[in-house]
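**Student:** Please read through the structure below; I'll follow up with questions.
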Amino acid sequence: MSGAALAVAGGGGALCFARGDVGRPEGEQPAGVPVQLRGLRPEEKVTLIALDLADHRRRVLNRLVAETESEAGAEVMVGVALGRSLFDGTTSRPRHLSVMPSFPGDLLDPAQTGGDVLVQIAGRSAERIEAAAERISGAAPADWVLRWRISGERRPSATGGRGDLATNPFHFVEGFGNPETERESYDRAIVSDADDEPPWAVGGSYQVVRIIRMATELWDRDSVAEQERIIGRKRDGRWLDGAPRDEPPNFAADPRGRVTPLDSHVRLAAPDRRNPPKIVRRSYGYSRGADEKGMIFSCFQRDPVQGFEAVQKRLAGESMASYLLTVGGGYFFVPPRGDEWTDALSG
């Protein structure tokens, strides 16, 4: 990690940004934060490209990083994340980086799962993203090959309000569980020296990607009232017990789930609204023609076991499961800014 990137204090792993970043105005980006996590408002469009490297030597990875950096600019964000397989034969793998397991109900397609490296390209222009993706994918056919690729976009919330809210393919506003400040976002997502990780990984983040097919036609046959009971919120985000959407509902006053069903998505995902899941979501809707629509679920965290996996286990048996099918994705580690992390792959 670049010495100018992050200074991380102990005491529960709270983050402290160096070189004048303490006390910086909200919205001004600190040095060292991976580009995938910069800002509270995700980019409008994204393409994810999973690549397999023909050779795991630093030369090949450095060339790929150089290609991604050459494509980055004011209108296109490009970042990389590392798969478990890159660390075979090394002793410096991030502690929780593993092959993504198949959870109950998944039907993972190997052609859409895993990869040595994940390249994320995001911005406002689909044309610019596509052009960058084509150049990166075809830049060095002798060194890396395409494993899978998917593109998505965020539909702005029709209800207004926070810029990080979006409307998902099931017509519901989502994103309420995300942090409301950058500091909280970084505290949830960025690895600190209190996390018992290799020193090079401090300042990075674990990224979980899930390609989820959504049975939109089946969903649309249900009444809006039934859909809201399955989700546990109104379409615009208001709670079923009448609480405003930005305030926690009183689940304790509804122990049998007569108002908000016990198997509803939000009640299982975050039963204690005062302690939200330790993840930062950056998800997008996708469409592959008329026959396949879904969500590219992506989240960042300091620990996928305490973050994504804890939520996934709670969701077992949710009533929405019959409308969802996860077919791909993977676990990756987003390295900190700088180039010192490449040394970790050679020893």
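**Student:** Order of 296-302, 270-276, 283-289, 259-265 by packing, highest average Cβ count within 10 Å first? All intermediate terms of the calculation are to be shown ahead of the outcome.
**Tutor:** Details: 296-302: 23.9, 270-276: 12.4, 283-289: 16.6, 259-265: 18.9.
Per-residue Cβ counts within 10 Å, averaged per peptide and sorted highest first, yield 296-302, 259-265, 283-289, 270-276.
**Student:** Hey, another quick one. If I model a spin label at Ala131 and Glu75 as a point 7 Å from the Cα along the Cα→Cβ vector, what separation in nanometres do I get?
**Tutor:** 0.7 nm
**Student:** Would you work out if the stretch 209-347 is rounded, prolate or oblate? Take a ≥ b ≥ c from the square roots of the eigenvalues of the alpha-carbon gyration tensor; rounded if a/c is under 1.5, else prolate when a/b is larger than b/c, oblate otherwise. Write out the running numbers ahead of the final one.
**Tutor:** Numbers: a/c = 2.52, a/b = 1.49, b/c = 1.69.
Verdict is oblate for the stretch 209-347.
**Student:** How many Å² of accessible area per residue for the chain, probe 1.4 Å? Could the numbers behind the result be given before it?
**Tutor:** On the way: 15530 Å² over 347 residues.
Result: 45 Å² per residue.
**Student:** Between the stretch 283-347 and the stretch 172-209, what's the alpha-carbon centroid distance in Å?
**Tutor:** Each part's Cα centre sits 13 Å from the other's.
**Student:** Can you work out the FRET efficiency for the pair Ala215 and Asp241, with r the C-beta to C-beta distance and R0 = 25 Å, to the nearest 0.05? Walk me through the numbers before you get to the answer.
**Tutor:** Numbers: r = 28 Å, r/R0 = 1.11.
Rounded to the nearest 0.05, the efficiency is 0.35.
**Student:** Let me ask something additional. From the Cα gyration tensor of the stretch 269-347, with a ≥ b ≥ c the square roots of its eigenvalues, which class applies: rounded if a/c is under 1.5, or else prolate if a/b is larger than b/c, or else oblate? Show your work: numbers first, answer last.
**Tutor:** Values: a/c = 2.48, a/b = 1.38, b/c = 1.79.
Since a/c reaches 1.5 but b/c is at least a/b, the shape of the stretch 269-347 is classed as oblate.
**Student:** So, with a 1.4 angstrom probe, what is the percent of accessible area on the chain that is carbon and sulfur? Show your work: numbers first, answer last.
**Tutor:** On the way: 7740 of 15530 Å².
After summing per-atom areas, the C and S share lands at 50 percent.
**Student:** List the relative contact order of the stretch 214-320 as a percent without decimals, with contacts defined as Cα pairs under 8 Å and 6+ residues apart. Don't jump to the answer; show the numbers that get you there.
**Tutor:** Numbers: 127 pairs, mean separation 27.1, N = 107.
Answer for the stretch 214-320 is 25 percent.
**Student:** Taking 0.36 nm per residue of separation and subtracting the Cα-Cα distance, what length does fully extending Phe103 through Thr342 add? All intermediate terms of the calculation are to be shown ahead of the outcome.
**Tutor:** On the way: separation 239, 0.36 × 239 = 86.04 nm, distance 3.14 nm.
So the chain would gain 82.9 nm between Phe103 and Thr342.
**Student:** Taking a cut-off of 26 Å, what percent of all Cα-Cα pairs in the chain are separated by more than that?
**Tutor:** That tail contains 49 percent of the Cα-Cα pairs.
**Student:** If packing is taken as the average number of other Cβ atoms within 10 Å across a peptide's residues, how do 142-154, 35-47, 313-325 rank, most packed first?
**Tutor:** Numbers: 142-154: 17.9, 35-47: 20.2, 313-325: 15.9.
Ranking the peptides 142-154, 35-47, 313-325 by packing returns 35-47, 142-154, 313-325.
**Student:** Rounded to the nearest 0.05, what FRET efficiency do Ser85 and Val305 give with R0 = 22 Å and r taken as the Cβ-Cβ distance? Could you check?
**Tutor:** 0.65
**Student:** Compute the length gained on full extension between Arg183 and Arg124: take 0.36 nm times their separation in residues and subtract their Cα-Cα distance, giving the result in nm to one decimal. Write out the running numbers ahead of the final one.
**Tutor:** On the way: separation 59, 0.36 × 59 = 21.24 nm, distance 2.47 nm.
Extra length from Arg183 to Arg124 when fully extended: 18.8 nm.
**Student:** Hey, if you put +1 on the Cβ of every Lys and Arg and -1 on every Asp and Glu Cβ in the stretch 154-213, which of Ser205, Ala189, Phe170 ends up farthest toward the positive end of that dipole?
**Tutor:** Phe170
**Student:** Let me ask you something else. Stretched out fully, how many nm does the piece from Asp195 to Arg63 gain, at 0.36 nm a residue minus the Cα gap? Could you put the intermediate results ahead of the total?
**Tutor:** Details: separation 132, 0.36 × 132 = 47.52 nm, distance 3.01 nm.
Gain on stretching Asp195 to Arg63: 44.5 nm.
**Student:** Rounded, prolate or oblate: which fits the stretch 113-213 when a ≥ b ≥ c are the square roots of the eigenvalues of the alpha-carbon gyration tensor, with rounded for a/c under 1.5 and prolate only if a/b beats b/c? Can you show the working numbers first?
**Tutor:** Numbers: a/c = 2.14, a/b = 1.10, b/c = 1.94.
Oblate is the answer for the stretch 113-213, as a/c is 1.5 or above yet b/c matches or exceeds a/b.
The values are calculated or read from the model by the stated rules, or taken from the named source; none is laboratory data. These numbers were taken from a predicted model, which means no experiment stands behind them. For neighbour counting, all protein chains shown are included, and Cβ atoms are generated from backbone atoms with ideal geometry for every residue, glycine included. Areas reflect the complete protein model, heavy atoms only, side chains present, ligands, DNA and RNA absent. Shrake-Rupley method; radii C 1.70, N 1.55, O 1.52, S 1.80 Å.
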